[in-house]
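Below: the structure, in structure tokens.
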Amino acid sequence: LPREYYHFIMNLYENIVDTNETTSTKHEESDDPDKKALALERIKVVVESSSNSRKRLPRGKVTKHGDVCISTAMSVQQIQSAIANLSNDARRIKQVEEEENQLCLKRMNLLRDALGLRNVFKMKPSTVTSDQVLDCLDRLFLLLDVDGVGGDVDYAQKKKMEELRCRLAGQSLGITGSGHFCHLGDDGSVLIPWDWHC
């Protein structure tokens, strides 16, 4: 696999370096600010081994995280075509993901301050997505009546929530993927699944 990847990269480099040098001169001469801005936006390209992939990707694809995925079985022309055709979709997904990440950060900071937590964090994107974290946080806010958004809560439930706040104060709270029980992480963090149930 390392040899396959090496030959793929070298072949790709040798075939597109001359094209890039000639097109870069044209881009420099262009006065269109939109084209210049677009050229500066980077996308991540993931290379899959043709031997490991059940399906070859003659046209490439965009992953759920906004990466352009290509195969070592693709020709240089197919790769160039895939990147050109899929880059806008990839950037759009990345932009939505970034907006969700920023919203997650704000909501996690709100929860941290409300409960006196040391830290609130989410596990890596392959484990839990930003929209899942937002769903988890919204339900936590309702349950804990953070900033009074929980509606009518009886005295017994308020008491339980206060006890929970006292027990969680100073702890780190991590949000992980579905199907996991609430448990302690290796660093002592309290980990809860995003789709937790009472």
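The values are calculated or read from the model by the stated rules, or taken from the named source; none is laboratory data. All values derive from a computational prediction rather than experimental measurement. Note that we place each Cβ from the backbone using ideal geometry, even for glycine, and neighbour counts take in every protein chain shown. What goes into the accessible areas is simple: the full protein's heavy atoms, side chains included, and nothing from ligands, DNA or RNA. Shrake-Rupley method; radii C 1.70, N 1.55, O 1.52, S 1.80 Å.
Summary of values
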quantity: Members of region 183-198 found to be open to solvent by 70 Å² or more (accessible area, probe 1.4 Å), in a loop (DSSP other than H, G, I, E, B) and within 17 Å of ASN119 (Cβ to Cβ), listed by number; calculated: ASP186, ASP187
quantity: Those residues of region 140-182 which are surrounded by fewer than 15 Cβ atoms within 10 Å (Cβ to Cβ) and at pLDDT 90 or above, in sequence order; calculated: GLY170
quantity: Which listed residue is at pLDDT 80 or above, in a helix (DSSP H, G or I) and open to solvent by less than 70 Å² (accessible area, probe 1.4 Å), from ILE43, ILE9, ILE16; calculated: ILE9
quantity: Search result, residues across region 74-91 that are without any contact (Cβ under 8 Å) to a residue 60 or more places away in the chain and in contact with a strand residue (DSSP E or B) (Cβ under 9 Å, 6 or more places away or on another chain); calculated: GLN78, ALA82, ILE83, LEU86, SER87, ASP89, ALA90
quantity: Filter result (in contact with a helix residue (DSSP H, G or I) (Cβ under 7 Å, 6 or more places away or on another chain) and of a type in the set (Ser, Thr, Tyr)) within region 73-132; calculated: SER130
